[in-house]
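The structure under discussion appears below in the form of structure tokens.
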Amino acid sequence: MSFLLFLRGLIIVLLAFAISTYLLTASLWSTFVQTLICGILVQIGYFVAVMLLVRRRSVTKESVIPK
């Protein structure tokens, strides 16, 4: 996945999350804090997913290359 696709998706998800949180809580401060936490969690998830893909790729390359 390219970074631009990820960024576009992240912005759309965070906007949807912020709008729904604001409609539920009617508090700008709560919406800001919860959206910030959501953004951090999405970034952590993206980082872990990329690291797992890199690890799986390196394991696959090691098993193909004879020693």
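Values in this text are rule-based calculations from the coordinates and carry no lab data. Source: prediction; values computed, not measured. With ideal geometry, Cβ positions are generated from the backbone for all residues, glycine too; neighbour counts draw on all protein chains shown.
Within the range 21-44, track down each residue that is more than 18 Å from the chain's Cα centre (by Cα) and surrounded by 12 or more Cβ atoms within 10 Å (Cβ to Cβ). Across the range 21-44, the qualifying residues are Thr21, Tyr22, Thr25, Ser27, Ser30, Thr31. Restricting attention to the range 1-46, the residues being of a type in the set (A, V, I, L, M, F, W, C) and in contact with a Leu (Cβ under 8 Å, 6 or more places away or on another chain) number 2. Filtering the range 1-43 to residues that are assigned to a loop (DSSP other than H, G, I, E, B) and under 26 Å from Val54 (Cβ atoms) leaves Met1, Ser2.
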